[in-house]
Amino acid sequence: MEAYKIERLNKSYADKVIFDDLQLSISNQERIGLVGINGTGKSSLLKVIAGMDEDFDAVQSHPKQYRIRYAAQNHNLEPTLTVYEAVYSADSKELQVIKRYEEATAQYAEQQTDKAFDAMMAAQADMDAYSAWDYSAEIKTILSKLGIHDTTRRMSELSGGQQKRVVLARTLIEKPDLLLLDEPTNHLDFESIHWLIQFVN
């Protein structure tokens, strides 16, 4: 079943035509690889689909509330964010529930007051309501498999490759309807690449 479609895509940079009447449709559960030499518009197409580039002419269609996420080569995450904040600031209700639970648990460990206990119990009830326990375990697995172990470090303290891993993890964790990955295996070791292939399949 067709989930995303773009028709009559035209785009140029100055006098250079990037796309001329391009047509593309993507079905649910479909895996597509874009192959081409540098400068032929692979990243440009991903940005158009992801809604990060609006300087084009085309007709796009997809289901209502269809979620598209893009793990770009260059990210725009704030350098002052910790890895934890970067990952859990993603647009997902379940993520925010998990974040509140972990923060409430940490708060109660520091201050065992009635107020802290009530907050932890409320957060635990939300975890139950959103069936977020398995999701929380999956998040930890994703971070671990991508070699992300210290979530207290700030993005500015990480190397370019480490930052790319955080962006990739954040995108995978969001579980979008359409996942766009731009050269995702860069900066990954063999084990992480093997895991990523299994994950997306």
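Bear in mind these aren't lab numbers, they're just calculated from the coordinates by the rules spelled out. As the structure is a computational prediction, the values presented were derived from the model and not from experiment. Every residue, glycine among them, receives a Cβ derived from its backbone with ideal geometry; neighbour counts consider all protein chains shown.
Observations, loosely collected:
- Other residues with beta-carbon under 13 Å from the beta-carbon of Leu178 carry, at +1 per Lys or Arg and -1 per Asp or Glu, a net charge of +1.
- Asp182 long-range amide H proximity, modeled H, under 5 Å: Ala71
- Nearest 10 degrees, 0 to 90: helix 160-173 Cα axis against the chain principal axis: 80 degrees
- Among 17-26, 86-95, sorting by the average number of other beta carbon atoms lying within 10 angstrom of each residue, highest first, gives 86-95, 17-26.
- Over the stretch 2-66, volume per residue of the alpha carbon convex hull, in Å³: 89 Å³
- 14 Å beta-carbon shell around Thr151, net charge (K/R +1, D/E -1): +1
- In sequence order, the stretch 179-194 has phi-based couplings of 9, 10, 10, 9, 6, x, 8, 4, 6, 9, 7, 4, 4, 5, 5, 4 Hz under the Karplus curve 6.51 cos²θ - 1.76 cosθ + 1.60, θ = phi - 60°, and Gly or Pro positions carry x.
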